[in-house]
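Take a look at the structure below.
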Amino acid sequence: MVKIGVIGGSGLDDPKIITDFKEKKVNTPYGWPSSVLTLGKIHGVEVVIIARHGKKHEINPTKVNYQANIYALKQEGCTHILATSAVGSLKQEIEPGDLVFPDQFIDFTRFRKNTYFDKYGDVQHVGMAEPFSSELRKMMMEECEQLKYKFHKKATIVIIEGPRFSTKAESFMFKNFADIIGMTTFPEIALANELEIPYASIVMSTDYDCWKDDEEPVSFEMVLSRMKDNVEKVKQILIRVIPKIAKKDEDFIKNKIRTIPNFPKPGIMFRDITTLLLDSQGMKKTVEIFYNRYKDKKIDIVAGIESRGFIIAGILADKLNVGMVPIRKKGKLPHDTIRQDYALEYGMDTIEIHSDAIQPGNNVLLIDDLIATGGTARAAAQLIEKLGGKIEEISFIVELPDLLGREKLKPWPVFSIINFEENR
Ligand code: AMP
């Protein structure tokens, strides 16, 4: 499940674009981020927007608390960061109004906290050879192509301390080794890399800095007015790319699940997760999604439903550092049990849980591989509640929404990573 952090994003934090719009003030171990966070959804995908320079553009590039900004996005569970900014062009062919997708940076800043690894005894050197996410860059460029916007596929951005602009001598020097010049991409990008959040920038060229004799040297007014003219383009790209990032992420897991028609009986499309289990990257991602969702939820126990539910429940319980409870078909558990009958498509079945497995008040996460009609999960949830457990959520890798299983699980919260719409 993706959650996209957007830095800058002028114009996006508009309730007309974002559904479930909400503002949230957060603090971090590194202090306050630049602005309240705007939370909401774009085309159903969760986004978190932060105004890099504050809501009223009151924080200069040196004073931005980059550590707090990136950490706040991490705290909110952002899986990707898309950053927007304005830059000067150091190349004739990058004209004002063009969009640029930098792939390299050179750091000329001086007064910024640029790492999370600055505590005594915590020596870490993070690789920075390819700091921008090539996948995110590629996806944004595809949108640019479709919208027929002029853009540049590669660029080295030099980041200066500011707030002043460069002298001509500096501008000529930078021109020798960089294509565009800005004040904010670093340390933002380095911090995102340290926290392992894929990061890409979409930048708008607003001026020719001051190296070009036949152009007026850059001024703040020039930057603001050219940004205003072009901000709509950036907005369009973000609105279009965000659902595609989510889809790509979902497809990553979905494509690893095999479908077997007519198993175990005619008419059933069996969604076989054994192929996902076999794929280490697919499993890593699956477990990561569950872990990120529940790591701060004070789960006491993870309960898994026989039999594929055991696998995920076991791994997750280990990661969450809690115990795991198996819920099994009748007659399989050796100690005292309580049982629950439930309806199958034809006839009835029964599941059981050990009567001492859950203590009253335990916060339980219930897991299975797939929700079809929801009957099994409902019976399992009833067993947990009979023992006095509280259900944090009922979670699945796969949901078959046509079968309306979610309805059967009201009033418990339900989560699934992917949907298979076409069914039976
Ligand atoms: P239900 O009680 O209808 O939600 O059924 C859920 C249980 O049946 C889960 O444990 C699934 O593993 C299994 N199941 C039902 N339908 C399918 C399917 N189409 N593909 C794979 N497993 C299924």
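What pairs come up if the first residue lies in the range 360-379 and is farther than 14 Å from Ile391 by Cα and within 6 Å of the ligand (Cβ to nearest atom), the second is basic (Lys, Arg) and in a strand (DSSP E or B), and their beta carbons are under 9 Å apart, counting only those six or more places apart or on different chains?
Listed pairs, sorted by first residue: Asp369/Arg271; Leu370/Arg271.
Would you check which residues across the range 72-99 are out of contact with any Gly (no Cβ under 9 Å at 6 or more places or on another chain) and under 23 Å from Glu196 (Cα atoms) and list them?
Matches in the range 72-99: Gln75, Gly77.
Among the strands (runs of 3 or more DSSP E) contained in the range 7-63, which hold 3 or more residues that are within 20 Å of the chain's Cα centre (by Cα) and loosely packed, with under 14 Cβ neighbours inside 10 Å?
Because the criterion is at least 3 residues that are within 20 Å of the chain's Cα centre (by Cα) and loosely packed, with under 14 Cβ neighbours inside 10 Å, the strands (runs of 3 or more DSSP E) in the range 7-63 that meet it are 19-24.
Given the options Ile311, Ile315, name the one that is within 12 Å of the ligand (Cβ to nearest atom), assigned by TED's automatic domain parsing to the domain that holds Phe270 and touching a helix residue (DSSP H, G or I) at 6+ places or on another chain (Cβ under 9 Å). Spell out how you get there, then give the answer.
Numbers: Ile315 fails: within 12 Å of the ligand (Cβ to nearest atom).
The unique qualifying residue is Ile311.
Out of Ala129, Ala192, Ala200, report the one residue that is small (Gly, Ala, Ser), modelled with pLDDT of 95 or more, surrounded by 21 or more Cβ atoms within 10 Å (Cβ to Cβ) and not in a helix (DSSP H, G or I).
Working: Ala129 fails: surrounded by 21 or more Cβ atoms within 10 Å (Cβ to Cβ); Ala192 fails: not in a helix (DSSP H, G or I).
Selected residue: Ala200, the only one of Ala129, Ala192, Ala200 that is small (Gly, Ala, Ser), modelled with pLDDT of 95 or more, surrounded by 21 or more Cβ atoms within 10 Å (Cβ to Cβ) and not in a helix (DSSP H, G or I).
Of everything in the range 318-359, what is touching a residue at least 40 places away in the same chain (Cβ under 8 Å) and either outside the structural domain of Ile289 (by TED's automatic domain parsing) or over 39 Å from the mean Cα position of the chain (by Cα) (or both)? Give them in sequence order.
Ile338, Arg339
Are any residues in the range 276-308 aliphatic (A, V, I, L, M) and either touching a strand residue (DSSP E or B) at 6+ places or on another chain (Cβ under 8 Å) or not assigned by TED's automatic domain parsing to the domain that holds Ile358 (or both), and if so, which ones? Give the steps one after another, and end with the answer.
Restricting attention to the range 276-308, the residues satisfying the condition of being aliphatic (A, V, I, L, M) are 276-278, 283, 287, 289, 299, 301-303, 305.
Residues satisfying the conditions are Leu276, Ile289, Ile299, Ile301, Val302, Ala303, Ile305.
Got a number for residues in the range 262-299 being without any contact (Cβ under 8 Å) to a residue 24 or more places away in the chain and near the ligand (Cβ under 10 Å from one of its atoms)?
Total meeting the criteria: 4.
Restricting attention to the range 64-113, which residues are part of a loop (DSSP other than H, G, I, E, B), of a type in the set (S, T, N, Q) and over 18 Å from the mean Cα position of the chain (by Cα)?
Pass one, the range 64-113, residues part of a loop (DSSP other than H, G, I, E, B): 64-65, 76-79, 90-98, 101-103, 109-113.
Applying the additional criterion that residues be of a type in the set (S, T, N, Q) yields 65, 79, 92, 109.
Result: Asn65, Gln92, Thr109.
In the set Ile160, Ile239, which member is crowded, with 20+ Cβ neighbours inside 10 Å and of a type outside the set (Asp, Glu)? Working first, answer last.
On the way: Ile239 fails: crowded, with 20+ Cβ neighbours inside 10 Å.
Just a single option satisfies the conditions, and that option is Ile160.
Could you identify the single residue in Asp107, Asp98, Asp122, Asp103 that is free of Cβ contacts under 8 Å to residues at least 40 places away in the same chain and of a type in the set (D, E, K, R)?
Asp122
Do you know which of the residues in the range 380-424 that are of a type in the set (Val, Ile, Thr) and in a strand (DSSP E or B) is nearest to the ligand (Cβ to nearest atom)? Show your work before the answer.
Here is the first cut: in the range 380-424, the ones of a type in the set (Val, Ile, Thr) are 384, 391, 394, 397-398, 414, 417-418.
Restricting the remaining residues to those that are in a strand (DSSP E or B) gives 391, 394, 397-398, 414, 417-418.
Details: Ile391: 16, Ile394: 10, Ile397: 10, Val398: 7, Val414: 11, Ile417: 14, Ile418: 12 Å.
Step by step, filter the range 380-424, then rank; the result is Val398.
Filter the range 5-21 down to the residues that are modelled with pLDDT under 95, more than 18 Å from Val231 (Cβ to Cβ) and not acidic (Asp, Glu) and list them by number.
Within the range 5-21, the first condition is being modelled with pLDDT under 95, and the residues that meet it are 8-21.
The next check asks that each one be more than 18 Å from Val231 (Cβ to Cβ); those that pass are 19-21.
Passing the criteria: Thr19, Phe21.
How many residues, within the range 172-189, are part of a helix (DSSP H, G or I) and surrounded by fewer than 21 Cβ atoms within 10 Å (Cβ to Cβ)?
The qualifying residues number 3.
Exactly one condition in (1) at pLDDT below 95; (2) within 30 Å of Ile417 (Cα to Cα) is false for Tyr71; which is it?
(1)
The values are calculated or read from the model by the stated rules, or taken from the named source; none is laboratory data. Everything numeric here is computed off the predicted structure, so don't read it as measured data. Reconstructed Cβ throughout: ideal geometry from the backbone, glycine too, with neighbour counts over all protein chains shown.
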